[in-house]
Every structure is written in C-alpha cells, then in structure tokens.
Amino acid sequence: MGESYAFDAVIVGAGIAGLISAVRLAELGLRVGALEKGEHEKYPCNSRMTGGAFHVAFRDVNDPENVLLDAMEARSRGFSRPELLHAMAEDISGAVLWLKTKGVRFIKVGHEIHRQHTLAPPILLQGRNYWEGRGGDVLLRTLGGALKELGGTLLLGARAVRLSMQDGKCVGLEMEHQGARVPVQAGAVVLCDGGFQANHELMREFITAAPEKVKQRGAATGNGDGLQMARKVGAQLVGMDRFYGHLLAQDAMHNDDLWPFPIMDFVCTAGVVIDASARRFVDEGLGGVYMTNSIAGLADPLAATVVFDGAIWDGPGREFISPANPLLVTRGGTLHTAPDLAALAGQLGLPAEALAETVARYNAAVDAGTTGRLDPPRTTATYRAHAIRTAPFHAIRLCAGITYTMGGIAIDGRSRVLNAVNQPIAGLYAAGCATGGLEGGRFVAYIGGLTKSSVTALRAANEIVASRAKK
C-alpha cells in the first residue's frame, strides 16, 4: 500500500505564513501537517532571507488602529479590500505579541518608525549568507521547533500539485513526495506558498514581457503552485500585475554582490529615470517600488538609466542603511561619470540632444516649482525633486529587482478563498504572499509582506477552528 496522510488541516508552504498557521492550529489542538517543497533543513524561501522589519505601511505595529488604517488607505488609494485593511489594523499588534510568546525576538533598528519591530538578530548587509543565523532564518527555526513540540508535522521535499474537491468542498490534496504522488486527506487546506515571482510563465502573463530581464531579489522559490491549484478549482485572482521590489544596478544581473543591496531607489527619487531615447517615462516621486514596477513593464526592462549629478550622489546617494554611495562601486558596480551631459550621453550610447533637453526641461520645472506639469508628472509630496546641474554628472544603468508578487488568491477577512462571485470555497484558505487584494493597484501600494503574512495566517487558523466548532 502506498504512502498517505490524513490531517485536520494541511498547510502548503513553510515560510512565515505557513508556519504561523500550522503552529496556531496545533496550539488549538488540531492535527496539522505543513508541506514544504524544499528538501533540506534550511530550505530557501523569502521569509528566511527577509530584512525582518514588521511594519504596516511604514507605521509601527503598535500604533493605534486608526493610525494604521489611515496609513494603509493613503497608500492604497482605494485599491485594497476594506475587510483586509481592517484585519491588518485590528490584528497586527496582537500577532506580534503572539509571535513573542513562541520565542520570536524583535529589536529596534535605528530611529525609523517602521524598524521599531525588526526580527533579531538583524541581517548582515553583505555576503551571500547575510541571512544565516539571523532574522528570518531564526524565525523559521523557532516556529518549526514550536510546531514539533506541539505535535505537528513538517514534511520536507513535499510539493502540493492538486487540490482534492468533493461536492464543492476542498477535502485535501495530492502531493509529490519521495518520487510518488501521495494523497493527503484534510478537513481544511491553507495555501501559504508565497508569490509567483520565479515562474516565468505567470510573470509573462501578468507582470512583464521579459521576465528573464528582471532580477530575482529573493530566494527565487515562489512558483505560484498554490495560486495555480486554486485557479483550477474556481478561485478568484486579484491584483496580479504588481510586485514588491527595489531598483538595482543592472550589474546585479551578473554580480551577486549587488543584490539584494545596495538599492538605487534614493538616487532615482532624486534624479531622472530615462529610457533608451533619453526621455523620462515614470514619476520618480512615487518611490522605488513604483518605479521598479514601471521598469519591469517596459518592452525592454534593461533599457532604463538614472541620471543625476554630484550633489545627488553625495546627498541622497548616501541615504539608507546600505547606501548606493559608496557600495555600488566598492562591490564592483558601474558608475558612469562625465564632466558634462554630452560626454555622459556618449558613454551611455544615448542621444545627447535628447538627454540635454530632458534635463533642461526637468531643471526648469524644479526651479519653477511646476514638476507636476511635466510629462509624466514628477510629484514631490514624498520625495524632493533635485535640479541636476552640479558636475560631475553620473548615471547608473538599472534593472528591476523583484522580491515577491503582490497579487494572488482573493480572500475575505477570515482568509477564506473566494470564487469568482466572492463566495468562499468551503475548506480552502490562503495566507501571506499567495494572496491578493491588500497590496498593489495603480500606485503599487506596499503595506508589508511580513505583517500581511502574520495576520492572514493567524486568521486562517482561527477561522478553521471556529468553523469546526460550529459543526
């Protein structure tokens, strides 16, 4: 007889969302199994490599609910599902407290509001193993240990491939394990396997025409398995065209010392970002995550360049905990430098007259305070616009660095998977970056991957237990 399993609930994916759901379910007395396709103890996933900051739209998790809600609504601009916004505002402080009871440690990093609850110990900012023994790595080991102590099961090398449905209800799944297809019976299934950023087919369908020209800025393990299984049983997908990531030097495509840090965001919000014709094509004032999405959406995502001057390089270029100046150069990246814009255009192979015209028009708008009238507009509500006129002049060729996709499976406020008419699919839940409806939209609202995962995962577990109690 072949291998088989039966659980009260089975979790797909053992990143932060998966392990939180599993631990909470086991804590509440259910027989729970977590399936992780990674085969070794330190299986790669974005949660293991995370920077570790728990925040809600760059506010501290302990801020009052109304403050958190206002911050999310300001970023969302009407995109996010209200019930998910309220879930975040209501639950995140308690979710962090719950994590602390499981042995997860947090520290303050710097003075910034959004870093007041950062996973301990903090990550290193260089080296390929910057995450090992730190932040997310410790988090996963801590939660994995808690699951084992509570009698839960973590199966490594187990990849879910198909949901099992009976009379419209999800009653388990099939997985690939040790070279065989194995049935898993379960009263509930929670999909927690992250985004689809590493799946070129899905990336091409929803994000970019050239996924091979977008740099994976994380573990590159998110293949969208849960999303595709859910889609096959009628789940609704939402917000699939946006992702969280940062601007990187194009050299990061072949130089591993240039990702995930340093990011080029703060140089780009101060300078001008241009395409192969030396024309601006994006509002730099909307920030790095927005610009990263815009670059990925170009016909050629490797055609973007940021142009700036010496004052910007020595000012905003030195901002952030891992600054572009000097780390870009010291880690082997290319900083194009010239005494004037014409010479800079020559180095870049760009039309000199067009570059001069672009910068002149931009500088005139900065001087007159009319950057909002440029085409495209350059907003200044968040990031100041700097004139570009102090030699030497610089440029960095850019690429889009993708960390996780923002869109995914539609869920309600209780983490129940919704079908095309917004009705829950019985027995099926989703949490974390496998879900959509909170982040994304026209202005690429970024709320916080770790906090989204924590709240939706706990809500999924609590709802499963509550639904069992009603039977």
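Take segment 199-220 and flag every residue that is open to solvent by 40 Å² or more (accessible area, probe 1.4 Å) and assigned to a loop (DSSP other than H, G, I, E, B).
If the condition is that a residue be open to solvent by 40 Å² or more (accessible area, probe 1.4 Å) and assigned to a loop (DSSP other than H, G, I, E, B), then ALA209, ALA220 are the ones that fit.
Given the criteria over 17 Å from ALA198 (Cβ atoms), in contact with a strand residue (DSSP E or B) (Cβ under 8 Å, 6 or more places away or on another chain), of a type outside the set (A, V, I, L, M) and open to solvent by 60 Å² or more (accessible area, probe 1.4 Å), does ARG59 qualify?
For ARG59, the condition - over 17 Å from ALA198 (Cβ atoms), in contact with a strand residue (DSSP E or B) (Cβ under 8 Å, 6 or more places away or on another chain), of a type outside the set (A, V, I, L, M) and open to solvent by 60 Å² or more (accessible area, probe 1.4 Å) - is not met.
Identify all residues within segment 438-471 that are assigned to a loop (DSSP other than H, G, I, E, B), modelled with pLDDT of 95 or more and not aromatic (Phe, Trp, Tyr); write none if there are none.
Across segment 438-471, the qualifying residues are LEU438, GLU439, GLY441, ARG442, VAL444, ILE447, GLY448.
Give the residue, chosen from VAL96, VAL161, VAL67, VAL104, that is of a type in the set (Val, Ile, Thr), in a loop (DSSP other than H, G, I, E, B) and either more than 30 Å from ASN422 (Cβ to Cβ) or in contact with a helix residue (DSSP H, G or I) (Cβ under 9 Å, 6 or more places away or on another chain) (or both). Before you say what the answer is, go through the steps one by one.
Numbers: VAL96 fails: in a loop (DSSP other than H, G, I, E, B); VAL161 fails: in a loop (DSSP other than H, G, I, E, B); VAL67 fails: in a loop (DSSP other than H, G, I, E, B).
Only one candidate passes the filter, namely VAL104.
Check segment 69-82 and report whether any residue there is of a type in the set (Asp, Glu) and either without any contact (Cβ under 8 Å) to a residue 12 or more places away in the chain or open to solvent by less than 30 Å² (accessible area, probe 1.4 Å) (or both).
Yes, segment 69-82 has at least one match.
Is there any pair with a first residue in segment 83-95 that is on the phi > 0 side of the Ramachandran plot and open to solvent by 10 Å² or more (accessible area, probe 1.4 Å) and a second that is hydroxyl-bearing (Ser, Thr, Tyr) and in a helix (DSSP H, G or I) whose Cβ atoms are under 7 Å apart and which are 6 or more apart or on different chains, and what are they?
Close Cβ pairs (under 7 Å, with a partner that is hydroxyl-bearing (Ser, Thr, Tyr) and in a helix (DSSP H, G or I)) do not exist here.
Kindly indicate which of ALA387, ALA430 is at pLDDT 95 or above, small (Gly, Ala, Ser) and over 27 Å from LEU97 (Cβ atoms).
ALA387
Quick check on segment 107-135: of everything there that is free of Cβ contacts under 8 Å to residues at least 60 places away in the same chain and not in a loop (DSSP other than H, G, I, E, B), which residue is nearest to LYS452 (Cα to Cα)?
Residue satisfying both the conditions and the ranking: ILE113.
Only residues that are more than 27 Å from ALA57 (Cβ to Cβ) and open to solvent by 10 Å² or more (accessible area, probe 1.4 Å): list them for segment 281-307, please.
Once the filter is applied, which keeps residues that are more than 27 Å from ALA57 (Cβ to Cβ) and open to solvent by 10 Å² or more (accessible area, probe 1.4 Å), segment 281-307 yields LEU298, ALA299, ASP300, LEU302, ALA303.
Out of segment 407-437, which residues are open to solvent by 10 Å² or more (accessible area, probe 1.4 Å), aliphatic (A, V, I, L, M), outside any strand (DSSP E or B) and touching a residue at least 12 places away in the same chain (Cβ under 8 Å)?
ALA420
Go through THR337, THR370, THR358, THR330 for me and flag whichever is closer than 14 Å to ILE396 by Cα and not basic (Lys, Arg).
One residue alone meets the criteria, THR337.
Could you name every one of the strands (runs of 3 or more DSSP E) located completely within segment 226-318 that has at least 2 residues being more than 19 Å from TYR404 (Cβ to Cβ)? Walk me through how you get there before you give the answer.
Values: elements: 243-249, 272-274, 305-309.
Hits in segment 226-318: 272-274, 305-309.
Pairs only if they're at least six apart or on different chains, beta carbon under 7 angstrom, first in segment 380-406 and at negative phi and surrounded by fewer than 18 Cβ atoms within 10 Å (Cβ to Cβ), second among the charged types (D, E, K, R) and part of a loop (DSSP other than H, G, I, E, B); list them, first residue then second.
ALA391/ASP340
What number of residues in segment 319-358 are out of contact with any helix residue (DSSP H, G or I) (no Cβ under 6 Å at 6 or more places or on another chain), within 22 Å of ALA278 (Cα to Cα) and in a helix (DSSP H, G or I)?
Qualifying residue count for the region: 9.
Going by the conditions given, is PHE7 open to solvent by 30 Å² or more (accessible area, probe 1.4 Å), of a type outside the set (Lys, Arg) and within 24 Å of THR435 (Cα to Cα)?
No, not satisfied.
Restricting to segment 164-198, name every residue that is open to solvent by less than 70 Å² (accessible area, probe 1.4 Å), more than 22 Å from SER415 (Cβ to Cβ) and in a strand (DSSP E or B).
Selection gives GLU174, HIS177, ALA180, VAL182, PRO183.
Among the residues of segment 149-158, are any assigned to a loop (DSSP other than H, G, I, E, B), at pLDDT below 95 and farther than 24 Å from VAL417 by Cα?
Within segment 149-158, none of the residues are assigned to a loop (DSSP other than H, G, I, E, B), at pLDDT below 95 and farther than 24 Å from VAL417 by Cα.
Name the residues in segment 126-149 that are surrounded by fewer than 18 Cβ atoms within 10 Å (Cβ to Cβ) and of a type in the set (A, V, I, L, M, F, W, C), would you?
none
The values are calculated or read from the model by the stated rules, or taken from the named source; none is laboratory data. A quick note: this is a predicted structure, and the numbers were derived from the prediction, not measured. In this analysis, Cβ positions are derived from the backbone assuming ideal geometry, glycine residues included, and neighbour counts consider all displayed protein chains. Side chains included, ligands, DNA and RNA excluded: accessible areas come from the protein's heavy atoms. Shrake-Rupley method; radii C 1.70, N 1.55, O 1.52, S 1.80 Å.
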